[in-house]
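The values are calculated or read from the model by the stated rules, or taken from the named source; none is laboratory data. Since the structure is predicted, the reported quantities are computational estimates derived from the model, not experimental observations. Counting neighbours? That spans all protein chains shown, and the Cβs are built from the backbone with ideal geometry, glycine included.
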Amino acid sequence: MTIILGIESSCDETAVALVTSEREILSHKLATQEDAHRPYGGVVPEIAARAHAEKIAPLVEAALADAGLALAEVDAIAATAGPGLIGGVMVGLVTGKALAHGAGKPLVAVNHLEGHALSARLTDPDLQFPYLLLLVSGGHCQLLAVEGVGRYRRLATTIDDAAGEAFDKTAKLLGLGFPGGPAVEAAAREGDPTAVPLPRPLLGSPEPHFSFAGLKSAVMRAAQSGDYQTNDIAASFQQAVVDCLVDRTDKALKGLDFAPSALVMAGGVAANAIIRTALQRLSADHGLAFVAPPLWLCTDNGAMIAWAGGERFAAGLTDPLDIAARPRWPLDTAADSVRGAGVKA
Amino acid sequence: MIEYGLDEIGLLGKRIARSLQPGDVVGLTGSLGAGKTTLARAILAALGLEGEAPSPSFAIVQPYAPPEVTLPVLHVDLYRIEDAAEIDELGLFDDSAHQVLLIEWPERMGQRVPAEMLNLTIDFADEARRRLTATVPPAWEGRWPPQ
């Protein structure tokens with residue numbers, strides 16, 4: 001059995017966890033920065049970097065104390081090395097390097113997206129490769145064939161905005177606060193999802209990708225028109241996102257060149273109950289198992305980084321201490337570029 | 001003023017990219033969905049970027065450096081900045097003589113907008129066409145409109 005210490009700091013969460021190769025979560029600590037960001041309606045990176053720097057060392061100590069372990073008993077240090085807000089990523093990665101160097105432990109630099117991609121395997125021991133992953137978060141919206149540790153093929157991505165970004169901007173347009181996902185979901189519960197006619201970009205399109213920029217513009221026009229209730233706009237927006245995610249995932253499932261063991265959903269947007277239910281139904285329609293990590297593992301956390309680091313460590317993949325933080329870091333570097341709206345890939 | 005169809009964005013990006021020099025600051029102003037990121041991507045593509053330019057809304061600053069582009073570029077989105085004092089801490093101008101800044105939502109800088117910024121305002125002509133209006137500083141005289 002190996003024990004991995006995982007550090008995550010690529011966006012607004014500072015998180016540290018200790019996870020074993022037997023899928024035991026010995027401790028996980030999270031210092032959410034949402035309070036610090038709320039006045040800004042978003043994540044401001046310098047605030048994020050400063051807050052990460054203040055919180056990370058006490059969190060490492062607390063995680064070790066919770067698990068009743070000394071650093072010497074840990075087998076490897078895993079830290080997010082990107083993609084994300086560069087200031088925050090650097091704080092976590094440098095902390096990981098310092099711990100690895102000081103304790104003489106190997107460092108595993110983890111791609112934040114790989115953390116999400118493998119997180120379902122932490123809580124579901126039966127989940128086998130390959131599977132189809134819908135990764136939906138504040139910075140990403142992708143469909144990936146997960147074929148093994150470090151083996152990801154991107155089948156589709158957003159050609160403009162990420163799904164979570166659309167939630168955040170909609171929340172801001174509607175004055176619902178931050179974080180946008182839970183705020184829009186709560187407002188949508190009180191609204192009519194058919195009240196506001198909104199577009200479903202790329203619905204039914206032969207190309208595989210996602211698009212949310214046009215939806216965002218339509219939400220803005222609806223909000224400015226004064227013709228609709230805020231809750232109705234939120235509910236109609238959420239329904240439009242659901243329809244797009246289901247349509248694009250359905251298209252991917254119909255065109256797969258491999259037999260997936262399951263449809264897996266991960267990333268912060270996977271915490272949305274309406275979206276989760278819709279994807280679960282789609283999975284059932286395809287006779288496929290549906291796996292989504294528990295809600296706390298969908299949003300950013302240290303356990304998924306520790307787990308992904310552990311999977312890489314078990315595969316013999318460690319990194320030198322001079323590895324650089326990367327603000328952009330695609331999981332599938334061989335994927336065809338999708339540069340923006342109108343560019344076919 | 002330049003009017004363009006969204007299908008002509010590649011050509012417009014090339015014209016602007018050809019005119020850029022190290023030290024330039026280009027502001028991209030316009031409402032949500034006007035096409036600020038789309039134009040920034042067209043400029044980055046014309047500067048040689050073959051990979052993707054993710055929307056900087058999430059990370060706020062996306063850096064690009066040679067060899068993937070011919071000039072170092074910071075692609076910035078200030079949409080989520082509400083307090084202009086935060087701008088100082090982003091370090092946008094730390095290497096301003098050597099790189100090009102493409103800044104979406106430059107109005108969020110308030111008093112900190114550089115005097116030498118070329119500001120491009122994008123308005124809807126219709127769903128598929130846009131109007132580009134430039135506010136041209138002395139540094140851009142003879143370079144705008146771009147050829």
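Counting the residues of segment B:35-48 that are more than 8 Å from every other protein chain (Cβ to nearest Cβ), surrounded by 16 or more Cβ atoms within 10 Å (Cβ to Cβ) and over 14 Å from B:I103 (Cα atoms) gives 2. May I ask you to verify whether A:E147 is acidic (D, E) and either assigned by TED's automatic domain parsing to the domain that holds A:V60 or buried (at least 19 other Cβ atoms within 10 Å of the Cβ) (or both)? Judged against the criteria, A:E147 is not a match. Selection of helices (runs of 4 or more DSSP H) fully inside segment A:234-345 by the criterion of at least 3 residues being aliphatic (A, V, I, L, M), touching a strand residue (DSSP E or B) at 6+ places or on another chain (Cβ under 7 Å) and away from chain B (no Cβ under 14 Å) returns A:302-314. Residues that are closer than 25 Å to A:R121 by Cβ and of a type in the set (F, W, Y) within segment A:233-278 comprise just one, A:F258. Among the residues of segment B:55-68, those that are part of a loop (DSSP other than H, G, I, E, B), without any contact (Cβ under 8 Å) to a residue 40 or more places away in the chain and under 15 Å from the mean Cα position of the chain (by Cα) comprise B:S55, B:S57, B:I60.
Being closer than 30 Å to A:A315 by Cα, of a type outside the set (A, V, I, L, M) and not in a loop (DSSP other than H, G, I, E, B) is a property that A:T170 lacks. Looking only at residues in segment A:209-222 that are of a type in the set (A, V, I, L, M), in contact with a helix residue (DSSP H, G or I) (Cβ under 7 Å, 6 or more places away or on another chain) and within 10 Å of another protein chain (Cβ to nearest Cβ), the one that is surrounded by the fewest Cβ atoms within 10 Å (Cβ to Cβ) is A:M220. Restricting A:G96, A:G68 to residues that are crowded, with 22+ Cβ neighbours inside 10 Å, more than 18 Å from the chain's Cα centre (by Cα), within 18 Å of A:K29 (Cα to Cα) and modelled with pLDDT of 95 or more narrows the list to A:G96. Scanning segment A:302-340 for residues that are under 19 Å from A:G268 (Cβ atoms) and modelled with pLDDT of 95 or more yields A:G302, A:A303, A:M304, A:I305, A:A306, A:W307, A:A308. Screening the candidates B:L101, B:L92, B:L74 for the property of being surrounded by 15 or more Cβ atoms within 10 Å (Cβ to Cβ), among the aliphatic types (A, V, I, L, M) and not in a strand (DSSP E or B) yields one hit, B:L92.
Of everything in segment B:71-88 that's of a type in the set (V, I, T) and touching a Lys or Arg at 6+ places or on another chain (Cβ under 8 Å), which residue is nearest to B:A34 (Cα to Cα)? Reasoning before the result, please.
We begin by selecting, within segment B:71-88, every residue of a type in the set (V, I, T); these are B:73, B:76, B:81, B:87.
Now narrow it down to the ones that are touching a Lys or Arg at 6+ places or on another chain (Cβ under 8 Å): B:81, B:87.
Working: B:I81: 19, B:I87: 23 Å.
Ranking the candidates gives B:I81 first.
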